[in-house]
1. Name the long-range amide H neighbours of Asn334: under 5 Å, sequence gap of 5 or more, or other chain; modelled H, no Pro or chain starts.
2. Charges only on Cβ, +1 for Lys and Arg, -1 for Asp and Glu: so what's the dipole of segment 66-202 about the Cα centre, in debye to the nearest 20?
3. Of Val442, Gln324, Ala453, whose Cα points farthest to the positive end of the dipole of the chain (charges on the beta-carbon: +1 Lys, Arg; -1 Asp, Glu; origin at the Cα centre)?
4. With a ≥ b ≥ c taken as the square roots of the eigenvalues of the C-alpha gyration tensor of segment 30-81, please select rounded if a/c is under 1.5 and otherwise prolate if a/b is larger than b/c or oblate if it is not?
5. Show me the ranking of peptides 525-531, 303-309, 57-63 by mean Cβ neighbours inside 10 Å, starting with the highest.
6. State the antiparallel share, in %, of DSSP beta bridges confined to the chain, rounding to the nearest 5.
7. Based on the Cβ-Cβ distance from Glu207 to Arg42, what FRET efficiency comes out when R0 is 25 Å, to the nearest 0.05?
8. Would you mind putting 372-380, 479-487 in packing order, based on average other-beta-carbon counts within 10 Å, highest first?
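The values are calculated or read from the model by the stated rules, or taken from the named source; none is laboratory data. No experiment lies behind these values; they were computed from the predicted model shown. All Cβ positions, glycine included, derive from the backbone under ideal geometry; neighbour counts span all protein chains shown. Each accessible area value is taken on the protein alone, full model and side chains, heavy atoms only, with ligands, DNA and RNA left out. Shrake-Rupley method; radii C 1.70, N 1.55, O 1.52, S 1.80 Å.
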Amino acid sequence: MAEFSFSISSFPLPLPSPPPPPPPPAVPSDGDLLRSLLRLSREISLFDVPCPLLCRFFSSLTRKSKILCILFEELLQDPTWNASDLPRSASLCLREILVVLQRFKALLGDCSARSRMRLLLQIDSIGNDFHELTLDLSTLLDILPLPDLHLTDDVRDLVDLLRRQCRRSNPAVDPKDDALRYEILFMIREIEQEVVPDLSRLTSIFEQLGFDGTRSCRNEIECLEREIGDRVSEKWTPAMIALVGVVRYAKCVLYGASTPTSDSSAGKLSFAESDPLVPPDFRCPISLELMRDPVVVASGQTYDGHSITRWIAAGHSACPMSGQALSHTNLVPNRALRNLISAWCREQNVTFYGFDSNKGEPPSAICTNKAALEAARMTATFLVKKLASSQSTELANRVVHELRLLAKTGSENRAFVAEAGAIPLLLPFLSSEDSTLQLNAVTALLNLSILEANKKRIMHAEGGIDDLIHVLASGATWCSKENAAATLLSLSTIHAYRRRLGRNQRVVTELVALARKGPASAKKDALAAILSLAGDRENIAHLVECGVVESALEAVSSTEVTEEAVAVLAALAKRGGATAVMKSDGSISKLVGVMRRGSDWSKENAAAALVLLCRREGAAAVSELSRIPGIEWVIWELTGSGTVRGRRKAAALGRIYRRWLAAVEEADRMVRFSPASISSSATTAQS
């Protein structure tokens, strides 16, 4: 049997002893406990009733909290408990009462944050929550050892009264509230059957719910939309969706159209939310709306899933932004961007109806809810009739503002507004001397133009394009001009309209002027509209004649609109404008500068434009490119770190450049070793 030897060195060193566990959290003293109870009961007693529906629950809890305040004040004033702790049974019971009061406060806060319509729909469960917490409080008061607390007779009588009140708690809903809920649900069913709500009945319902004007209705709509987006109640979601339309209709019928607060609040709503401002990266390049389902196409560009699906279904085979042919039509969800958009919406208190795999499909019922659609149709019809009969600028401005808000909220509403006859009524206001009215009118048209059927209505309306040109040229504010340019961009997404607008010299001239002189946001929309017009080859010559190349090259130097300007140059070079771009002074050096310092999209478009210039203009373009210091490094860097398309274009540019260098070297060699060159060299040597 083998022998084993042991030594101290054969054993591993002992591991260091683990750090001592952290000390347990300090338990608040009884004095701190009583002060917390007093503070909490006072806060509960001062809660404002957010809705008449909750008066019974809030007033009952307020009375109970005031009695508790008296109890806790009595205990805090007793010198006995300042010198020593409370009896253990009393201390434990009071700590449980503190938990119940905290739950009461949380319930009150939740009720205050809910929409009034949702409170009415869920009044049963709310009453049950109040009832269960009241019973918990009753149980704790029953076991609270009052004789050990040395209370005065008056306070003990009040606590006994509080016990009896808690025992009488009843979860039953007030019959008036139940009748009101039934009446609203019945009204929703009537609206589904296209029955217009009776005005007196609608007035009674809204008075019972505590609505007193457009502001309270607007707050209710925003709250309902937020709750629908958060899916707080799957059971009541269809009714809540319908009630958004009902409240919007009632707001207009009962209290009149909203008054615009200021010019700054009347910016683009559907294309670029002005309050808050939607980041450009969060907008779909096709619809210019906030992306709900961002997806990536084969070219690497990101679009909203609904918009790009319709684009492809219409027979388009190229990327709308880059013009690059799509190798396939697969759409890859851009989950990282979607998460960023969702987080931004939460921060800005914007409703976000997006796809979430954890919650199933997005709430498509919003688009199919019969009552919501009929309520929206009634609202649009009412507002258009009001606009047709308006006699004052102030009233017209309010109605146009309301139509603009309605056209913001979805394609169905845009269809209802247009079908009611709003577009011919809005066009005259584009020439209004009132800057706010003009801005509201052009923004309403912009929002309406997102729907494809409405593009035809605007294009074929008498004087429609002329009125938009008037705003471009003589708009009262830059925002009006910007929205007019965005409207033309929206109209130009239809191929036939793109060609028609591109042939209109006034359209192109005013867009070029806006791209040169406007602020950054206006330049963006003007260049985007020009880029869309450049999608038709027949428009290129006219665009070049109107100075598009020069204005785009000027805009390249502005960091805010570099992407749009470079995309315009690439589109011109691709469809017949390469010579014009090449002839403009500094065009190649500016494009190389964008390849050095631009964004990823700017770099890939700059590389694409240079490839087109080199292929179409040949040696002249490559020769000028070769004279730019460090061009080899710029190409090499983009080849290694650019986007997929950017790397491909940089590689193509590198091949063109290397072939040109090889051709130049070969030409030099042929010249050096030609017979004439050799004879001349020999003669020189002999002499």
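1. Residues meeting the amide H criterion: Val295, Val296.
2. With only Lys, Arg, Asp and Glu charged at Cβ, the dipole is about 180 debye.
3. Towards the positive end, the residue furthest out is Gln324.
4. In terms of gyration-tensor shape, prolate.
5. 525-531, 303-309, 57-63
6. 100
7. On the way: r = 32 Å, r/R0 = 1.29.
Efficiency, from the Cβ-Cβ distance: 0.20.
8. 479-487, 372-380
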